[in-house]
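The values are calculated or read from the model by the stated rules, or taken from the named source; none is laboratory data. For clarity, every value in this text was computed on a predicted model and none was experimentally measured. Glycine also receives a Cβ, built like all others from the backbone with ideal geometry; neighbour counts cover every protein chain displayed. Surface accessibility is based on the protein's heavy atoms, side chains included, excluding ligands, DNA and RNA. Shrake-Rupley method; radii C 1.70, N 1.55, O 1.52, S 1.80 Å.
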Amino acid sequence: MAVYYGKTVQEAIENGLKEMNLTEDKAEIKVIEEPTKGFLGINAKKAKVEIEKKKTDGERAVEFLDGLFDLIGITAKCVLAEEDERVVINLIAEKSSSLIGYRGEVLDALQCLAGAVANTGREEYRRVVVDCEDYREKREETLVSLAQKLAAKAVRTGRKVTLEPMNPYERRILH
């Protein structure tokens, strides 16, 4: 965050954007003080603006998760791994089981919250994936092997096989 001055507000903004090498759509601009002419030039004040680079969707989600971990007392580090068509955030913690939870329930909740933060103010939805120690990949492998075993059992016995309740992502893997 930097403060810039100019004869007019627009001039102060232009000075700041030029110095920070940003465009107006990539910057958060806050007008702190409007210019005043004063009396006969006495007590004249320049325009004062504060300019800061806008955070990306992924950076906002990482910042939110860091703050959440501080509030609930979990020592974890968030790493923004990818931010193209989807946002991927990897969590690193000493006690990863507290971040993953039973069958990934805590991880799914964190992913839901991070997705809500990342998509705030956006018109089109961007998928956010929160992972911890490649849990999602390992869970997918487990589900695929379970599906193959249960399919073989269903064919062998000729009966329907019932599975435990799953979230949409896990059901998609099984199908």
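Listed by first and then second residue, the pairs with beta-carbon distance under 8 Å, at least 6 apart or on different chains, first residue in segment 150-166 and without any contact (Cβ under 8 Å) to a residue 60 or more places away in the chain, second surrounded by fewer than 10 Cβ atoms within 10 Å (Cβ to Cβ) and not acidic (D, E), are A154/K160.
For segment 1-41, which positions are open to solvent by 70 Å² or more (accessible area, probe 1.4 Å) and hydrophobic (A, V, I, L, M, F, W, C)? Those that are open to solvent by 70 Å² or more (accessible area, probe 1.4 Å) and hydrophobic (A, V, I, L, M, F, W, C): M1, I32, F39, L40.
This table checks each residue for (1) under 30 Å from A116 (Cα atoms); (2) among the hydrophobic types (A, V, I, L, M, F, W, C); (3) in contact with a Gly (Cβ under 6 Å, 6 or more places away or on another chain); (4) modelled with pLDDT of 80 or more.
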| position | (1), (2), (3), (4) |
| --- | --- |
| E19 | no, no, no, no |
| L22 | yes, yes, no, no |
| K26 | yes, no, no, no |
| E33 | no, no, no, no |
| K37 | no, no, no, no |
| L40 | no, yes, no, no |
| E52 | yes, no, no, yes |
| D57 | yes, no, no, yes |
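Applying the condition of being assigned to a strand (DSSP E or B) and open to solvent by less than 70 Å² (accessible area, probe 1.4 Å) to segment 42-59 and asking which residue is farthest from V128 (Cα to Cα) yields A47. Among the residues of segment 158-175, those identified as within 23 Å of the chain's Cα centre (by Cα) and open to solvent by 50 Å² or more (accessible area, probe 1.4 Å) are P168, Y169. For segment 71-83, the condition holds for at least one residue, the condition being that it is loosely packed, with under 12 Cβ neighbours inside 10 Å, assigned to a strand (DSSP E or B) and of a type in the set (V, I, T).
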